[in-house]
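S.K.: Dumping the structure here so I can ask a few things about it.
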Amino acid sequence: MKLLSNHLYIVSTPIGNLDDITLRALDVLKKSDIILCEDTRRSIKLLSHYKIKKKLISYHKFNEKKQLSNIIKYFKEGKILSLISDAGTPLLSDPGRLLVNECIKNFIIVTPIPGVSSITSALSVSGFSDKFLFYGFLPKTENELEKVLYSLSKNKFTQIFFIPSKKLNFYTKSFKKFYLGRKILIAKEITKIHETFIRNQIDELKIYKNNIKGELTVVISENDNKTKKFDEEVIVNKIKKYFKRYSLKDTVNIILETENISKKKVYDLCLRIKNEKNF
């Protein structure tokens, strides 16, 4: 493949497993004069693995505006430049938008070299609808978070977020407030040795006592209209009716067959009614 000057190549890189890189991506990186990267220390590991020695320029959210004029000069000198992020597909919750817009403004062609993304990787194993919205990193403060989730939760599509693992419990609290009735997939260490997918009903999410390391990709299922808040009075009447013929365990199972409610919620209702003296 012959690379062209006056092009910026947006190159996707592995999110964990270094073997998850395309032949085309390797070819582009080998033929680039300059590789722009977030953290040269992280990128050098990937490049060294494939014996690629190129000039690296640090390009991250704290210096991207300052670097723009210098980068455009490289293009005018006929240099071939590639942009990579620390992991995955650049510009998806990573720096690069300013550069791409500057390139468009200067008639520099922007060419994608597709590859790995934790967004599509997590969605592909979720079992949820492929009609989805990707938000990126959620707000860090409770007030801002609630504003965002209040708006997003009204949308019926699958939703994908990035959250730092150390704040999982903080976000879990809000997920339970705005997404009751939906399912959740929490993906960590995707493609790595300790790859883990945690699946649960949002209603049944609990506080995590053990520290989970790394950045998490969270996928919340679509709202298929079966997840609307249930009429508790109707359910209670059904439970009272079934209790006249069935045990607590059987009553719970019967309710679960016809109602889209978490098992814990049904069990708690049954237990409450069973402990009442008059029903």
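S.K.: Please state the shape class of the range 7-115: rounded when a/c is under 1.5, otherwise prolate if a/b exceeds b/c and oblate if not, all from the C-alpha gyration tensor.
M.R.: Here the range 7-115 falls in the prolate category.
S.K.: If you restrict to DSSP beta bridges whose two residues both lie in the chain, what percentage is antiparallel, to the nearest 5?
M.R.: Here the antiparallel bridges make up roughly 45 percent for the chain.
S.K.: Another question, if that's okay. To make sure I understand, if each residue's beta carbon is the centre and we count other beta carbons within 10 Å, what order do ASP268, ASP94, ASP19 fall in, fewest to most?
M.R.: Ascending Cβ contact count within 10 Å gives the list ASP19, ASP268, ASP94.
S.K.: Same structure again: Structure shown: which of LYS79/LYS105; LYS249/LYS274; LYS177/LYS263; LYS156/LYS176; LYS2/LYS61; LYS45/LYS192 lie over 22 Å apart, alpha-carbon to alpha-carbon?
M.R.: LYS2/LYS61
S.K.: Cross-link partners among aspartates and glutamates for LYS51, C-alpha distance below 17 Å, same-chain residues fewer than 8 apart left out?
M.R.: ASP19, ASP20, ASP27, ASP33
S.K.: What does the convex hull of the Cα atoms come to per residue for the chain, in Å³?
M.R.: Each residue corresponds to 160 Å³ of Cα convex hull volume.
S.K.: What nm distance separates the two modelled labels at LYS264 and ASN237, each placed 7 Å from Cα along Cα→Cβ?
M.R.: Inter-label distance under the simple model: 2.9 nm.
S.K.: Averaging sequence separations of C-alpha pairs under 8 Å and six or more residues apart, then dividing by the length of the range 17-169, give the relative contact order as a whole percent.
M.R.: Across the range 17-169, relative contact order equals 20 percent.
S.K.: Using helices alone, I'd like the mean residue ellipticity at 222 nm for the chain: each DSSP H run of four-plus residues gives -39500 (n - 2.57), total over residue count, nearest 500.
M.R.: That comes out to -11000 deg cm²/dmol.
S.K.: Sum up the charges of everything whose Cβ sits under 10 Å from the Cβ of SER129, counting Lys and Arg as +1 and Asp and Glu as -1, but leave SER129 out.
M.R.: Every neighbour counted, the sum reads -1.
S.K.: Restricting to bridges with both residues inside the range 7-115, how much of the DSSP beta-bridge set is antiparallel, in percent to the nearest 5?
M.R.: Once the DSSP bridges in the range 7-115 are tallied, antiparallel ones form about 5 percent.
S.K.: Here is a follow-up. So how do SER221, SER117 line up by other beta-carbon neighbours within 10 Å, fewest first?
M.R.: Fewest-to-most ranking of SER221, SER117: SER117, SER221.
S.K.: GNM, the chain, Cα, under 10 Å: largest mean-square fluctuation among PHE178, PHE243, PHE197?
M.R.: PHE243
S.K.: From Cα pairs below 8 angstrom and at least 6 apart in sequence, can you work out the relative contact order of the chain, rounded to a whole percent?
M.R.: It rounds to 17 percent for the chain.
S.K.: Now for a different question. What is the distance, in nm, between label points placed 7 Å from the Cα along the Cα-to-Cβ direction at ASN70 and at PHE170?
M.R.: Placing both labels 7 Å along Cα→Cβ, they lie 3.3 nm apart.
S.K.: Restricting attention to the range 116-206, which trypsin sites (Lys or Arg not before Pro) occupy a DSSP loop and are surrounded by at most 16 other Cβ atoms within 10 Å?
M.R.: LYS131, LYS140, LYS154, LYS156, LYS192, LYS206
S.K.: Which part of the range 191-208 falls in the paramagnetic zone of LYS45, meaning amide N under 14 Å from the point 7 Å along Cα-to-beta-carbon?
M.R.: Hits in the range 191-208 for LYS45 at 14 Å: 191-194.
Since every read-out is calculated from the coordinates, none of them should be taken as a lab result. Treat the numbers as computed from the prediction; the structure is a model and nothing was measured. Using ideal geometry, Cβ is built from the backbone for each residue, glycine included, and neighbour counts are taken over all protein chains shown.
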